[in-house]
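Beneath this line is the structure, given in C-alpha cells, with notes to follow.
The numbers here are math on the coordinates, done by the rules we state, and not lab data. It should be emphasised that the depicted structure is a prediction, and the values quoted were computed from it without experimental measurement. For neighbour counting, all protein chains shown are included, and Cβ atoms are generated from backbone atoms with ideal geometry for every residue, glycine included.
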Amino acid sequence: MSVPPVDVAIVGIAVAYNETVPVKDLSLDVYKGEFLSLLGPSGCGKTTTLRAIAGFVAPFEGDIRIAGQSVLEVPPNHRNIGMVYQDFALFPHMTVAENVAFGMKMRKVPGAEIALRVPKILALLKLGAFGERYPNQLSGGQQQRVALARALVINPSVLLLDEPLASLDRQLRADMQFELRQLQREVGITTVFVTHDQEEALSLSDRIAVMNAGKILQVDTPRAIYDQPAHRFVAEFIGVANFMPAVVTRPAEADAGIELAGIPGTQRIPGRHAAGTVEIMLRPEKVTLESADARSNDALNRLSGRVANSVFVGTTIKYQVQLDSGAMLRVDVAAGAAAVAPIGAAVTLGWSPQDARVFRDGVAEP
Amino acid sequence: MMQRRPAFGDQVHVVFGAVAAAVLFLITMPLIITVFTAFNATSQTVFPPNGWSLRWFSNIFRQREFIDAFWLSTALAFASGALSMLLGTLGAVVLTRASFRGREWIDGLLMSPLIVPQVIIGLAFLIFYVKLKSWSQFLDLLLLHTLLTLPYATRVVRASLARINPRLEEAAIGLGASAAASFVRITLPQARSGLFVAFFFSFVTSFDNFTATAFLASKGATLPVEIFFYIDSQLDPTVSAVATLLMAGTTLFVLVVDRLVGVQRVT
Amino acid sequence: MRHRSRLALLLGPSLLLVGVFFAALAGVLASSFLAPDGTLTFRSYAAVFGDEYYVRALLRSLWIACYATAISFVLGYPIAYMMSRGSRRFATIATLALAIQFFSIYVIKMYGWMLVLGNNGIINRALLATGLADAPVKLMYNEFGVAVGLIASALPLMVFPINAVLQNVSRRYEEAALGLGASRWRVLLAVTLPLSAPGILSGIVLTFVFCFTAYLTPALLGGGFYKMIGNVIYDQAVGRFNYSLAAAAAAATLAISLVVIVSINSFGQRLLGARAR
C-alpha cells in the first residue's frame, strides 16, 4: 500500500485568537486528494485550524505547508485556497455567474476564458439555468452548489469546507453529502472538512481528525476511529459507548483478569494490563442479551441485570439494562433476532474480550 | 374566580388608540394651519384665512435675506452632510471591522456631541471662535455642523456595515481580492443605501439646526435663524409661505429618498 | 505596526473634530473660572448662584422639564404602544405623522404653535366665535405656551426609543399573561411596561435634557416673559458678551444634566439588573 504524498502539512501551530489559545501545538498531515474531516464539539478549535490554513488566522508558532512550501508569509488572497462557508457567504449584490467569476476576475483571467469556464463549472454543479439569478432567488441546496462552484472554479490547491451542510435541512443534507463526496472524487482535490456532526464525518471522510480543547486526539479512518478510539473522549463523541469502572486483578495473564465495580467474579479483557484502576468501554451493539434462564450464553464474560427501558427503532431494539451493581448499560439488539424483552425482565448480557477497549486515565491501552 | 373578557374587546387599545390619535393630530395641526395661513389675502396670519392669495409667496422673493439664507443653509447642509458621510464611513469601518482596546471609548467620544445640550455646544463654539480663531462664517458653521451631524452619520453607516456578513469580505479575499478591493467591490455596494441615508440624515439635521447655530450667527445667516428674527420682529404670512415651500420641498425629498432606499430605514 | 497606523489614519479626521469640540468645551469651563485679568476666580459662579434672577431661571427650567417629561411620557407611551401593538394602518399613519415632525424645521414648528396659541390664533378665535370667552385667553408668552411647545417638540424623542424597544418585545409574553388570567390593563402594567423599561429610560433622559436646556421654544412661545436657563446663557453670551457668566451658567446646566442622566441611568441599571438576577 503506497502512502500518497502529504499535501497540507500543519506543523505544531499555536494560534492566539481573541487572547485565548484554542489551538496549541497542533500538527496534522493531509494527503493529496483525500477527504479529511476535522471533527469536534463547538469551541474545540476546528474552525480556527481551518482559518489558519486559509490564512485568516496567523499562528504565532509552527508552520503550515502546502505542497511542501510554507505559506505563513503568503497573504490569504494569494494562497489559492477554495473555501465554502456554513452560510455560504455568497455576494448578495452579484448574480450567480458574477459570484463564480469573481475569483477569476481577481486573478486577471481574460474575459473570454471566464466566459468559457463559468458555464462549465455551473454545468458540473447542475446550475446551468441559474447563472443570471441572484443568491436570494435560490434554494439552500442551490446556494450551496454556487458556493462550491465559486470555490472550485479558481482551481484551488486545497478545498476548505466550514460546516457547509449545517444550514441545510435533514433530507437535503443527506443528498448533498453524496453529491459532495462524488464531486470531490471527480475533481480529486485535497479537502479539509470541518463538522461537529459525527455521522456526517463518518460517512464522508477518508480520514477523521477528532479534536477537543484545541488538540487533535486521533487521526484515523472512520472505521478505526469507531472501533479503536484512542481516547475516552473519542469513544464518547463518536457513537454510543458504555464505560464500566474496573480493577485489574490478574495483570500477568495473556487475557488480563479484571473485577468490575460492584460485580462479583472475574471478567477477561484482551492482552496484558498493569494492575490498577481502568475503564472498560463496550459499544452497545457488541453486547448480547438473553433471558436469564436461557443458559445458552457462551460468551466469555457475563453480566446479569434487569431491563429498565426499551425502545424499538426499526432495525434495532435499544435497551437500557440495570446491572446488579446498579450501573446502567446500553445494549442494541438486531430487531429481527428476538422478541422484545419486557421491562423488568431478568437478562444475561454477554461480551467478548476482543470487543472491549481498555482506558486508563482516559487513554486507550493496546 | 373566572376572568371575563370585556365584550367590546381590548380596553387598552381603545384608550391608547384614542390618546395616540388625538396627540398625533394635535402635533400635526399647527403645521397644517401654517400651510393654510400662507394663502391669506391680508397680512393677518389667521385660520381660516380671510380670502385667498399668493401674494406672500411672491413676497418671499422680495426678501433678499430669505433667498440668501436659503442658499447658505443648503450649501452648509450639503457640505457638512458630505463631510460627515465621508468621515462617518471611515470611522464606522474601524468601529465595525477592527477590534482594539479602547474601541468603546472611541465610540463614546464620537457620539458625545449628541449628549451635550445644543446651547452648550453653541456657547462653546462661540467662545472658541471669539477667543482663538475664526475663519469665515461659512467655515465656522461648517465645522460646527459637521460635528453635530457626524454622530448620526457614523451611527447610520455603522448599522448598515454591521448588517453585512463579515464572511463576505473574507470570502472575497480568499478568492484572491486584496483587502481594499474586497471593501470597494463587496462591502461598499451593499452599504450604499446606508451611506445615502447618512448623508440625508446629516443634511436634514444641518438644515434644521437652530440653537447651536444661533450662537454663531445673527442676521444674515442660515434660514432657521433668519426666520427666527423675522418672526421676532413681525408676524405676517411670509413665514407661512416659506414654511409651505420648505414642506413641499421636504415632501418631495422624502418621496425621492423613499423611492431610493425606503423611508422605514430613515426614521 | 502597519495595522495601528491605518486605524489612526481612518479615525484621525473624526477624532480631530471631536478633539476641537472638547477643546471648546474646556474653553467654556476655563472662561467660567477666569477673571478678565486672567486670574482664577469663582466670581462668575457667585454671580450666577447669588442672583435670584439666574437661580430662578435654573429652578424654573428644572421644574418645567420635570413635568414636561412626565406629560411627554403619558402622551408618548400610547403612541409607541399603538405603533407596535395596534393595527398596521395606525402604525403607518403614526410613522407618517412622526416623520413630518422629524423633517419639519424646529423654528417653523414653533411658529405653527404661535399661530395656534396666539391672541389671534385658532383656539382664541374659536373661543370668541362660540362665545365661550369674551376676551382672548392668554395661551402663550407664558409658562403654558412654553410647556405646550416643549412637549410637542419633545414627543418624538420619547416615542422613538420606546417604540424601538417595544418592536422587539415578543407579544408572546403578553399572550402568556392573558392566558394566565390577567386583564388587559394588568398585562400592560405587569408585563409590557416593565419590558419596555430600557426604552422608557432613554426616552426620559432625552426628553428631560432637551426640555431643561431648551432655548428656541421659550424664546418664541415665552416671548421674553418666561425665560429658561438657555435664554439666560444666550442673552449673556450673545447680547452682553458676558462670556464668563454665560460659561458659569452653562457649566451649571451641564453639571445638572449630567447628574440627572447618571442618576436615571443608575436607577435604570438597578431596576434592570435586579430583573436579570
Hey, what angle do you get for helix B:103-115 against the long axis of chain B, alpha-carbon based, 0 to 90 degrees rounded to 10? 0
Net charge near A:ALA246, counting Lys/Arg +1 and Asp/Glu -1 over other residues with Cβ under 13 Å of its Cβ? +1
Average partner coverage of C:111-123, which counts Cβ from other chains inside 10 Å: 6
Could you pull out which residues in the range A:258-276 have an amide N less than 20 Å from a spot 7 Å beyond the Cα of A:ALA346, following the Cα-Cβ vector? A:262-266
Please list B:229-236, B:133-140, A:326-333, A:228-235 highest first by mean number of surrounding beta-carbon atoms within 10 Å per residue. A:228-235, A:326-333, B:229-236, B:133-140
Which of the lysines could be linked to C:LYS227 by a straight reach, that is with a Cα gap under 20 Å, when you skip same-chain ones fewer than 8 residues away? C:LYS109, C:LYS138
Sparse-neighbourhood loop sites, chymotrypsin sites (Phe, Trp or Tyr not before Pro) in the range B:42-126 - DSSP loop, at most 14 other Cβ within 10 angstrom: B:PHE61, B:PHE100
With a Förster distance of 35 angstrom and the Cβ-Cβ distance between B:VAL184 and A:VAL11, calculated FRET efficiency to the nearest 0.05 equals 0.45
List, in order, the whole-Hz ³J(HN,Hα) value for each residue of the range B:129-145 obtained from phi through the Karplus relation with A = 6.51, B = -1.76, C = 1.60 and θ = phi - 60°; use x for Gly and Pro. 6, 5, 7, 9, 7, 10, 8, 9, 3, 5, 5, 4, 5, 4, 4, 4, 5
Find how many whole Å separate the alpha carbon centroid of the range C:160-183 from the alpha carbon centroid of the range C:66-80. 19
Which values, in whole Å and largest first, are the semi-axes of the equivalent ellipsoid of the protein assembly as shown obtained as the square root of 5 times each eigenvalue of the Cα gyration tensor? 71, 34, 28
Using only helices, what value at 222 nm comes out for chain A when you add -39,500 (n - 2.57) per DSSP H run of length 4 or more and divide by the total residues, to the nearest 500 deg cm²/dmol? -7000 deg cm²/dmol
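Charges at C-beta only: +1 for Lys and Arg, -1 for Asp and Glu. How large is the resulting dipole of chain B about its Cα centre, in Debye rounded to 20?
Values: 19 positive and 13 negative charges, 137 e Å.
I would put it at about 660 debye.
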What aspartates and glutamates could a cross-link reach from A:LYS286, if we take a straight Cα to Cα line under 12 Å and drop same-chain neighbours fewer than 8 places away? A:ASP227, A:ASP332, A:ASP355
Shielding by partners - mean other protein chain Cβ count within 10 Å, residues of B:141-154: 2
Straight-line reach from A:LYS24: which aspartates and glutamates have Cα under 15 Å away, leaving out those fewer than 8 places along the same chain? A:GLU61, A:ASP63
Convex hull per residue volume in Å³, alpha carbons only, for the range A:1-145: 164
Can you tell me, using C-alpha contacts under 8 Å and at least 6 residues apart, the relative contact order of chain C as a whole percent? 27
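Going by average Cβ density within 10 Å per residue, which order do the peptides A:130-142, C:14-26 take, highest to lowest? Walk me through the numbers on the way to the answer.
On the way: A:130-142: 15.1, C:14-26: 17.7.
Ranked from most to least packed, the peptides come out as C:14-26, A:130-142.
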Gaussian network model of chain B, springs between alpha carbon atoms under 10 Å - residue of B:THR211, B:THR149, B:THR89 with greatest fluctuation: B:THR211
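Want the number for A:LYS126 to A:ALA334: 0.36 nm per residue separation, take away the alpha-carbon distance, what's left? If you can, show how the numbers build up before the last one.
Values: separation 208, 0.36 × 208 = 74.88 nm, distance 3.99 nm.
Extra length from A:LYS126 to A:ALA334 when fully extended: 70.9 nm.
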Rough spin-label spacing in nm, given labels placed 7 Å along Cα→Cβ, for C:LEU180 and C:ARG240: 6.0
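Shielding by partners for C:73-81, please: the mean number of other protein chain Cβ atoms within 10 Å of each residue's Cβ.
On the way: counts 0, 2, 7, 3, 3, 12, 8, 2, 6.
Mean partner-chain Cβ count within 10 Å for C:73-81: 5.
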If I stretch the segment between A:ARG65 and A:ALA166 completely, what's the gain in nm (0.36 nm per residue apart, minus their alpha carbon distance), one decimal? 33.5 nm
Hey, which of these cross-link pairs are over 26 Å Cα-Cα: A:LYS215/A:LYS318; A:LYS105/A:LYS126; A:LYS32/A:LYS120? A:LYS215/A:LYS318
Burial ranking of peptide ranges B:22-35, A:92-105, C:124-137, A:115-128 (average Cβ count within 10 Å, highest at the top): A:92-105, B:22-35, A:115-128, C:124-137
Paramagnetic label zone (point 7 Å from Cα along Cα-to-C-beta, B:LEU26; backbone N under 19 Å) in the range C:70-87: C:70-83
